[in-house]
């Protein structure tokens, strides 16, 4: 075969369009500037880590991406057929809810934020499908069972309320709820903080497997560099509501350029 | 010409107790409620000589609607003779001079607490239900402001989640009364605490149903011939109370809603909850000519609209 005639595929990342595009995001709480011109792109199937100290605006970014709060300025686009070119911040309350239910999953650090603690675990997962309009009981049971087993939750305990479960189990219920609708985007806000090391490792394993199997795009917020190193492809370092550094995880963590990132990596080591 | 000759004679009380402005406000709110089936319309609940929680909401609607040619029936849990029903009936009659009756067929306006009569109502009749808690979402959303937002979004997921939880926990839905219904495909409403047995009677009913809560200051309506569906999963249909085999002790009637009366020795006897119908059946047994209307449920508890109750028999 003539080598000159052979066409080579362009590298995948050059051809792919980002799934999520955020431009110049800012957020004020009263006179406090919580976010200042944060821009980010995430490609399909990619895991973006966000690190930074407490109060750096990491969680605020996630809350805005989950359309929970109004933005002060900026645009937010998701590459989803019915939403292409649409600034999600401009949607009305009802459309925002629909988008959240169908396309975005979130796991909070505190399970009390994401779960109804006194309803059954399977009910918590089923709620997502009910919101999406599912009216068959058997189908709700099946989907809840599937999502819970995907997040490695013991099925024999699926009807217990989360209040009776351990922290690790509660995080698995949150995860099952987040992935029940097979969303394009999964937001993780310190998903393993507060769990002991062995449970943390198990939850991370599950996350990694799910990411691989469902090819979900994830944004992972953590102050734990170990978690970021395990899961994230790219990392973004935040401080005082601004992005101070971003790049491939290995690059940033091995060879930090910004003084604050250097401090952070050293503190860890 | 003197002023006394031109003006109406002085009266101590207005016709139907409420002043004309109060009645006009209520009528406007009732029209709004009819225009938006199932939507809760706030209104200025007036003082009436009766404590809140004893049917003041229903009474105000009855007083606003009642004309001199009306005939009134008042029911409390199916019973025409309970203290609450008797007091309300006497009050309405005294303030308006209208005729009263215990016969469902003879009444043009029926005020009821917790029951819909067994005999079918027609297009010329109005049913007024007394409502303690108009907000069906209050059990899942304590904030009224947020509940209103959920109504406007049509977001009833939490009610469905409640049904799911019941099925998981008890293998059946645990609502005894006040079963949530979807009216005209839009608003979910609390049908006041009528038993599940009465809930299907609202579907495509010929009569106008008005529901009013005096303490909570809200009224809402089901206009004639409106779709009213109980919330149900497609594969777990809504069910009425199973009272098959319950026979009224004095008339032998079956297939109607019964009150259970405990007997010595632990057994039970049963009695028709609708005492108006019971009296008519008893009179019929003595050989008297009595007109008994068609009922929503036949003697074998089959609902008159075939196929509406997927869960029965």
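The values are calculated or read from the model by the stated rules, or taken from the named source; none is laboratory data. Only a predicted model underlies this, so the values are computations on that prediction, with no experimental measurement involved. Glycine also receives a Cβ, built like all others from the backbone with ideal geometry; neighbour counts cover every protein chain displayed.
Worth a mention:
- Checked against the criterion of being out of contact with any strand residue (DSSP E or B) (no Cβ under 9 Å at 6 or more places or on another chain), more than 13 Å from chain B (Cβ to nearest Cβ) and part of a loop (DSSP other than H, G, I, E, B), the candidates A:152, A:146 yield just one match: A:152.
- Segment B:243-269 - residue that is at positive phi and part of a loop (DSSP other than H, G, I, E, B) and, of those, farthest from the other protein chains (Cβ to nearest Cβ): B:252
- Residue selection: residue A:249 fails the criterion of being buried (at least 20 other Cβ atoms within 10 Å of the Cβ) and without any contact (Cβ under 8 Å) to a residue 60 or more places away in the chain.
- Tallying residues that are surrounded by fewer than 19 Cβ atoms within 10 Å (Cβ to Cβ) and either over 28 Å from residue A:212 (Cα atoms) or within 14 Å of chain B (Cβ to nearest Cβ) (or both) within segment A:47-70 yields 5.
- Boolean, residue A:99 is surrounded by fewer than 17 Cβ atoms within 10 Å (Cβ to Cβ), under 30 Å from residue A:228 (Cα atoms) and more than 13 Å from chain B (Cβ to nearest Cβ): no
- For segment A:155-197, a residue qualifies if it is more than 22 Å from residue A:78 (Cα to Cα), in contact with a strand residue (DSSP E or B) (Cβ under 7 Å, 6 or more places away or on another chain) and assigned to a loop (DSSP other than H, G, I, E, B), and the qualifying residues are A:190, A:191.
- Checking residue B:240 against (1) within 14 Å of another protein chain (Cβ to nearest Cβ); (2) within 24 Å of the chain's Cα centre (by Cα), the condition it does not meet: (1)
- Any hit, segment A:171-178, residues being more than 10 Å from chain B (Cβ to nearest Cβ), touching a helix residue (DSSP H, G or I) at 6+ places or on another chain (Cβ under 8 Å) and modelled with pLDDT under 90: no
- Segment B:142-160, residues that are assigned to a loop (DSSP other than H, G, I, E, B), within 25 Å of residue A:122 (Cα to Cα) and away from chain A (no Cβ under 12 Å): B:142
Matching residues to (1) surrounded by 23 or more Cβ atoms within 10 Å (Cβ to Cβ); (2) without any contact (Cβ under 8 Å) to a residue 60 or more places away in the chain; (3) out of contact with any helix residue (DSSP H, G or I) (no Cβ under 9 Å at 6 or more places or on another chain):
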{"position": "B:183", "(1), (2), (3)": "yes, no, no"}
{"position": "B:199", "(1), (2), (3)": "yes, yes, yes"}
{"position": "B:208", "(1), (2), (3)": "no, no, no"}
{"position": "B:221", "(1), (2), (3)": "yes, no, no"}
{"position": "B:226", "(1), (2), (3)": "no, no, no"}
{"position": "B:235", "(1), (2), (3)": "no, yes, no"}
{"position": "B:250", "(1), (2), (3)": "no, yes, no"}
{"position": "B:255", "(1), (2), (3)": "no, yes, yes"}
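- Residue match in segment A:126-136 (condition: in contact with a strand residue (DSSP E or B) (Cβ under 7 Å, 6 or more places away or on another chain) and more than 30 Å from residue A:249 (Cα to Cα)): yes
- Only a single criterion out of (1) touching a strand residue (DSSP E or B) at 6+ places or on another chain (Cβ under 8 Å); (2) within 14 Å of chain B (Cβ to nearest Cβ); (3) under 29 Å from residue A:64 (Cβ atoms) is not satisfied by residue A:211, namely (2).
- For segment A:102-122, a residue qualifies if it is at the interface with another protein chain (Cβ under 10 Å from one of its Cβ atoms) and farther than 15 Å from residue A:157 by Cβ, and the qualifying residues are A:116, A:118.
- Tally, over segment B:123-163, of residues that are touching a residue at least 60 places away in the same chain (Cβ under 8 Å) and over 29 Å from residue B:63 (Cβ atoms): 4
- Per the listing B:125, B:141, the residue uniquely at pLDDT 95 or above and over 18 Å from residue B:196 (Cβ atoms) is B:125.
- Selection count where residues are within 13 Å of the chain's Cα centre (by Cα) and part of a strand (DSSP E or B), scope segment B:80-137: 10
- Among the residues of segment A:123-136, those that are at the interface with chain B (Cβ under 7 Å from one of its Cβ atoms) and touching a helix residue (DSSP H, G or I) at 6+ places or on another chain (Cβ under 6 Å) comprise A:123, A:126, A:127, A:130, A:131.
- Residue within segment B:161-169 that is in a loop (DSSP other than H, G, I, E, B) and either crowded, with 21+ Cβ neighbours inside 10 Å or away from chain A (no Cβ under 14 Å) (or both) present: no
- Residue match in segment A:87-108 (condition: assigned to a loop (DSSP other than H, G, I, E, B), within 29 Å of residue A:172 (Cβ to Cβ) and at pLDDT 90 or above): yes
- The number of residues in segment B:3-49 being out of contact with any strand residue (DSSP E or B) (no Cβ under 8 Å at 6 or more places or on another chain), at positive phi and assigned to a loop (DSSP other than H, G, I, E, B) comes to 1.
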